[in-house]
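The values are calculated or read from the model by the stated rules, or taken from the named source; none is laboratory data. Here the structure is a predicted model, which is why all the values come from computation and not from measurement. Note that we place each Cβ from the backbone using ideal geometry, even for glycine, and neighbour counts take in every protein chain shown. Just the protein is used for accessible areas: all its heavy atoms, side chains included, with ligands, DNA and RNA removed. Shrake-Rupley method; radii C 1.70, N 1.55, O 1.52, S 1.80 Å.
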Amino acid sequence: MPPGQWRSRDQTAAVWPGRNWPLGATWSEEATNFAVWAPEARAVHLCLIDDEGWETSHRLTERSLGIWHGAVPGVRPGTRYGYRVAGTWAPAMGLRFNSTKLLLDPFARAVSGDLAVDPSVFGYEQGAPELPNEVDSAPHVPLGVVVDDHFDWQGDVPIRRRWRDTVIYELHVKGMTQLHDRVPEGLRGTYAGLAAPAVTDYLRDLGVTAVELLPIHQFVTEPAVAARGLVNYWGYNSIGFFAPHAAYSSSGDRGQQVTEFKAMVKALHEAGLEVILDVVYNHTAEAGVAGPTLSFRGLDDKIYHRVAPGPAGAAFNDSYWDVTGCGNTVDASHPYALRLILDSLRYWVTEMHVDGFRFDLLSALARTGQVVDMRSHLLTAIGQDPVLRHVKLIAEPWDASSDGYRVGEYPPPWTEWNDQFRDEVRDFWNGRSPGIRSVATRLAGSSDLYADDGRSPYTSINFVTAHDGFTVRDLVTYDHKHNEANGEGNRDGTDNNRSWNHGVEGETSDPKIQALRRRQAANLMATLCLSNGVPMITAGDERGRTQRGNNNAYCQDNELSWIDWRGEDAWLDVYEITKCALRLRREHPALRQRHYFEGRPTIRGGPKDLAWLHPSGREMTGDDWHDHTLTSLGMFVSGAPLRAPGPRGEQQVDKSFAIFLNAGETAAEVHLPENDWVQAGEVVLSTNSRVPVGTEVKAGDRMRLGARSVVVLRES
């Protein structure tokens, strides 16, 4: 709303007492109930904003258990609102009340408008932080929207797919369809666009079972990013934990985004696809103490944001404790901050029908005091919650601190992003691995990380790339990051890329280098899809999406980040390998087992469930595992029978497989072992042009495994 159009007037309607639950704005035909938690406030005014920019203020006179509440008749869905909260201004005591700042309801289920960087959005005077800024922020901040929750789900129910049958596709709602020529133009880049048949058909055909959406909670761009003329594209700067981001709505921001999001979930479910949200509860968009006052800071700063330890004997400290790298850390140990998170999670499951969550920087939230604690308030509460403990839960098991890295430590029912899989698979195919021991462990399900506390191989969410970092194409095209477009002097983004340009930095017309890069990309994708655990594919990797060497494209809302669906530059051979690997995984339970391999027969007299093969045809010895010159490996997986029983306790029998990987610069002569269990088979996946799919093999044969290639054999 332009400043000149913002006007206020006196209260025009009575405020009924209402009730102190549920928090947020709850609409009914009779009246809309408003409830907001601000226990140390002296006064709270509900401000309703009409389409002409008139702000009508209603003082809430009722306060119960720290919650200010009231019901206003005649308020309709689509009405915009905010709060003005009066109280003590004492930053040194963690009190930053300032009634000139119009505050977003933390429980708003829809948000209208965006943050416009203006001096008025800061609660303090620039250059004098001890003084309050008394300029009205209303024209420059996002507003809550009253929502009618009704939606006809037509029998939609959670899919509840087993973890071992899950394949995750990490995508950005806008970037997935912004350039998609088979999505109607008006729907591109939106929730409705993601639900289009062209998208759902593609994902099903590829073999994906779940989409993991980069943050869709309402977020804003950081003032420092906006000052560079850029925007927050990824969305890791949340301000509304109940509201679907309005900019992804094709139908409007007065509550229509809620209906459109629900329709998207329903369509994805109809296509057999689960919906997982990437959620960012670890910090708020208000950043450090010098950040804007948008919501939490103006309601009760010291309960939402963790405070840094102050000097001994000090009553309080006015600085935040930051283990997120974003200026603040949400204090999930406080009952009301914890309630906010739990109520938000349950809302997205029960009202919005999502199937799970991936928690950004979970270690920042899983703390008792300042120590990461696997029995922390949040983890314990989620584990006991009758709704949340049954959905898919994924931890990013680290934060921005030195003590936050906790891969392998999260308790059931959590699964974890496994960055050790990422790093060791990259190193293996780049020829920088110290041997084949580590990659073998990752292929088999990372038992070193998860088996000791009784968890299963599917605890490991395997990935070779994610939204942050290189794409697969860039991983084989660049030795160094190229983030100049971000405006940070190429200082942002990791330098630990474990990438290899194969001789030329960036794109090249050299056909030999092009062929090698595509083969290496196919090798990475095949390894990911055929490893035990849950594979996560970053959107577009299967078709050669590039960010031109930018490994931190968080602020690039343009074609650098969007998927190019035109066929001219697509790596369709990589797509076919990925699709083939996922089909094999889907059709053969031997390739997605829920028990760890034990290296011994599942039945008396049978073959070992897993055997590691030396290129000579014998099983690997202890000395072989420590041979740092060895760059090729065979993995024999028996399907006769599997260790896990079928759904009725029956013995499951599947085909047996041999997966051969050669990361060396030269071809390897592989001797197929002679045994009593597998006499003959055929090649069912190959990145080696000299051993094409359909090639028949038999025990005792010799097979030339090309340099840097994968070949998968299935018994006849």
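Below are the figures for this structure:
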{"item": "Residue check for Thr209: under 20 Å from Asp253 (Cβ atoms), of a type in the set (S, T, N, Q) and surrounded by fewer than 23 Cβ atoms within 10 Å (Cβ to Cβ)", "result": "no"}
{"item": "Only listed residue being part of a loop (DSSP other than H, G, I, E, B), within 28 Å of Ala570 (Cβ to Cβ) and open to solvent by less than 20 Å² (accessible area, probe 1.4 Å), chosen from Gly189, Gly193", "result": "Gly189"}
{"item": "Of residues in the stretch 212-240 being small (Gly, Ala, Ser) and in a loop (DSSP other than H, G, I, E, B), the one surrounded by the fewest Cβ atoms within 10 Å (Cβ to Cβ)", "result": "Gly229"}
{"item": "Meets criteria (among the β-branched types (Val, Ile, Thr), more than 29 Å from Thr166 (Cβ to Cβ) and free of Cβ contacts under 8 Å to residues at least 40 places away in the same chain) for Thr477", "result": "no"}
{"item": "Yes/no for Arg519 being closer than 17 Å to Thr465 by Cα and open to solvent by 10 Å² or more (accessible area, probe 1.4 Å)", "result": "yes"}
{"item": "Which numbered condition Asn328 misses (of (1) in contact with a His (Cβ under 6 Å, 6 or more places away or on another chain); (2) modelled with pLDDT under 95)", "result": "(2)"}
{"item": "Subset of the stretch 637-648 [at pLDDT 95 or above and within 33 Å of the chain's Cα centre (by Cα)]", "result": "Val637"}
{"item": "Hits in the stretch 91-140 - residues which are assigned to a loop (DSSP other than H, G, I, E, B) and aliphatic (A, V, I, L, M)", "result": "Leu102, Leu104, Ala108, Ala110, Leu115, Ala116, Val117, Val135"}
{"item": "All positions within the stretch 164-211 that are among the basic types (Lys, Arg) and within 16 Å of the chain's Cα centre (by Cα)", "result": "Lys174"}
{"item": "Unmet criterion (only one of (1) part of a helix (DSSP H, G or I); (2) open to solvent by less than 10 Å² (accessible area, probe 1.4 Å)) for Thr465", "result": "(1)"}
{"item": "Close pairs (7 angstrom Cβ cut-off, 6 or more residues apart or separate chains): more than 19 Å from Ala400 (Cα to Cα) and outside any loop (DSSP other than H, G, I, E, B) in the stretch 282-305, of a type in the set (Lys, Arg) and open to solvent by less than 10 Å² (accessible area, probe 1.4 Å) anywhere", "result": "Gly298/Lys101"}
{"item": "In the stretch 375-400, the residues that are open to solvent by 40 Å² or more (accessible area, probe 1.4 Å), farther than 15 Å from Val330 by Cβ and part of a helix (DSSP H, G or I)", "result": "Thr380, Gln384, Arg389, His390"}
{"item": "In the stretch 66-101, residue nearest to Val258 (Cα to Cα) [restricted to those that are of a type in the set (A, V, I, L, M, F, W, C) and at pLDDT below 95]", "result": "Leu95"}
{"item": "Any strands (runs of 3 or more DSSP E) falling wholly within the stretch 635-716 and containing at least 2 residues that are more than 14 Å from Ala526 (Cα to Cα)", "result": "668-671, 680-686, 696-698, 702-705, 709-715"}
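Listed here are the residues, each with its yes/no results for (1) of a type outside the set (A, V, I, L, M, F, W, C); (2) surrounded by fewer than 24 Cβ atoms within 10 Å (Cβ to Cβ); (3) closer than 24 Å to Gln178 by Cα.
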position: Pro511; (1), (2), (3): yes, yes, no
position: Met525; (1), (2), (3): no, no, no
position: Ala539; (1), (2), (3): no, yes, yes
position: Ile563; (1), (2), (3): no, yes, yes
position: Gly567; (1), (2), (3): yes, yes, yes
position: Thr578; (1), (2), (3): yes, no, yes
position: Arg583; (1), (2), (3): yes, yes, no
position: Tyr596; (1), (2), (3): yes, yes, no
position: Leu610; (1), (2), (3): no, yes, no
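One line per residue, one yes/no per condition, for (1) among the β-branched types (Val, Ile, Thr); (2) open to solvent by less than 60 Å² (accessible area, probe 1.4 Å); (3) more than 30 Å from Asp322 (Cα to Cα); (4) in contact with a strand residue (DSSP E or B) (Cβ under 7 Å, 6 or more places away or on another chain):
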site	(1), (2), (3), (4)
Ser402	no, no, no, no
Ser456	no, yes, yes, no
Asn486	no, yes, no, no
Asn496	no, no, no, no
Trp500	no, yes, yes, no
